[in-house]
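Every number in this text was worked out from the coordinates using simple rules, so none of it is lab data. Just so you know, these numbers come straight off a predicted model, no measurement behind them.
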Amino acid sequence: MIEIRDVLRRHATQYPAMQCEDLVKLVYQNEFGGGHMIADPQSSLRYLEEEYAGVHQDAGCALADDIGNGRVRLHLRALQAAGLTLPTVNRFFVHSANRAHGSMQAFARKLDT
């Protein structure tokens, strides 16, 4: 399993404009997933559709980044080239949120990294 230190280093190299808050969000998602954003599946899909509407597709973009802890971040700009629909991505998101667990203790330890 990839260590949080390696995830943070890779992201800092790959995304040099990242701010401290972006790193904290990354650590949070590594520990808890994205489930904090889901009120219900339909609301989640509407939010995803709104976000996707402002995204320019990029066939050369990787579909996902490994953020450790068995989790990935999907890049919305790569969905079209990958043949993924928003309802499918939303099902992935809802399913993973329902299975996500984490602890504040582990989150705090990772923040110390």
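Side notes on the structure shown:
- Nearest 10 degrees, 0 to 90: helix 41-53 Cα axis against the chain principal axis: 80
- Under 5 Å from the amide H of Ala64 lie the amide H atoms of His75, each residue being 5 or more positions distant or on a separate chain, with H modelled from the backbone and absent for Pro and chain starts.
- Taking a ≥ b ≥ c as the square roots of the eigenvalues of the Cα gyration tensor, an a/c ratio of 1.5 or more together with a/b no larger than b/c marks the stretch 15-58 as oblate.
- Other-chain or far-sequence residues with amide H under 5 Å of Gly33's (modelled H): none
- Cα gyration tensor category, rounded, prolate or oblate, for the chain with a/c compared to 1.5: oblate
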